[in-house]
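Below is one structure; the comments refer to it alone.
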């Protein structure tokens, strides 16, 4: 009985600790004391001690069941008190700890069985760092084992070869991860409109069997490409992530992949695919705890606006506002909120969102806000109030020093032609586009040109 060997091998301190964990009057407590006290097993005496009645072959299953339960409690106690160099989250942790404990208590045959189970689980995960540690343990188990020199030397040479293979795989993983980190830095520099240093992959290609290495390499290639090519690399990375259980924080990795995929779809001009990717992220049960949650939501708002889904964008804006983002993010979020409100025609919502007092802002910002107030008046159908606002802006001494003087003129023309319906042949929209390309992306101009050039020209 292996349980008997385990209990006999316990140190006095370990035995005392286990004894404290067991109720002395329970079957487990009586079984433990008997197995600890007696070096030789007498099944009839053991059964009588545990169950207080005579043993019969038909009742043997009761003894086996008690032994199984006691072994579970014993191994749990050993694992709880172990000082292991492998984290408990790995599925091979328990077998690794038990292999080390058995080896330390000279139960080498049992140590080999536990280590073999740990190795199989680590291999399935492709956990090369874990396999290196398990292999070290297997070295020691083999050295202290009872097999002959010929068999022992052959086994040690086999383990050495495995060690080299695991080292190579781990090196591939780490090099691929370094490639990924370098490519991510390269991408960030591009986003900051800096001239990045040339980034080069490590010369060695990962083994086709090293899933983690291939995964990080695909992510790196996604960062070094854009559009359709980046989408393909990210999709390939997602397939690899599904195959590997050894990539840390897999739930966060999956969200990060989907977020990157969503943005690459935007760059490729596939807004529907991008919105589908964002929807999958929001459906994830892990999204609430994701560190980059607000950035994902911010990019989602931007994409919804590009897709002209303004009502949905406003819902995500409200969700982000509740998070109280940093001032820089809040400022950009406010701009997107105004954009969505303008294009949904929500005059009341727009006026409510704008600052009540704009006196503290510099002139350009004041004029920008007053143009948004003008749009709010036009959305309500109050052309006279909009015209008064624009005429007051024309009287500002510093208007000519800002970029907004031609914008104010364009708004006044719009009111004359499309609100008051004053006949005229001049249509300055195309001229404005040609002369002021830098203003076309601003919200007041985008809205106004959509009214002047869109269906119905209202």
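Annotations for the structure displayed:
- Yes/no for residue 30 being surrounded by fewer than 17 Cβ atoms within 10 Å (Cβ to Cβ) and part of a helix (DSSP H, G or I): no
- Residue check, residue 368 surrounded by 18 or more Cβ atoms within 10 Å (Cβ to Cβ) and either at pLDDT 90 or above or part of a helix (DSSP H, G or I) (or both): yes
- Flag for residue 350 being surrounded by 15 or more Cβ atoms within 10 Å (Cβ to Cβ) and without any contact (Cβ under 8 Å) to a residue 40 or more places away in the chain: yes
- Region 404-439, residues that are more than 16 Å from residue 389 (Cα to Cα) and surrounded by 14 or more Cβ atoms within 10 Å (Cβ to Cβ): 417, 418, 428, 429, 432, 433, 436, 439
- Flag for residue 365 being under 42 Å from the mean Cα position of the chain (by Cα) and without any contact (Cβ under 8 Å) to a residue 40 or more places away in the chain: yes
- Test: residue in region 95-116 that is under 28 Å from residue 174 (Cα atoms), in a loop (DSSP other than H, G, I, E, B) and touching a residue at least 12 places away in the same chain (Cβ under 8 Å): no
- From the list 320, 275, 304, 297, the one residue that fits, being modelled with pLDDT of 95 or more, within 20 Å of the chain's Cα centre (by Cα) and not assigned by TED's automatic domain parsing to the domain that holds residue 394, is 275.
- Residue in region 419-426 that is modelled with pLDDT of 85 or more and in a helix (DSSP H, G or I) present: no
The values are calculated or read from the model by the stated rules, or taken from the named source; none is laboratory data. Only a predicted model underlies this, so the values are computations on that prediction, with no experimental measurement involved. For neighbour counting, all protein chains shown are included, and Cβ atoms are generated from backbone atoms with ideal geometry for every residue, glycine included.
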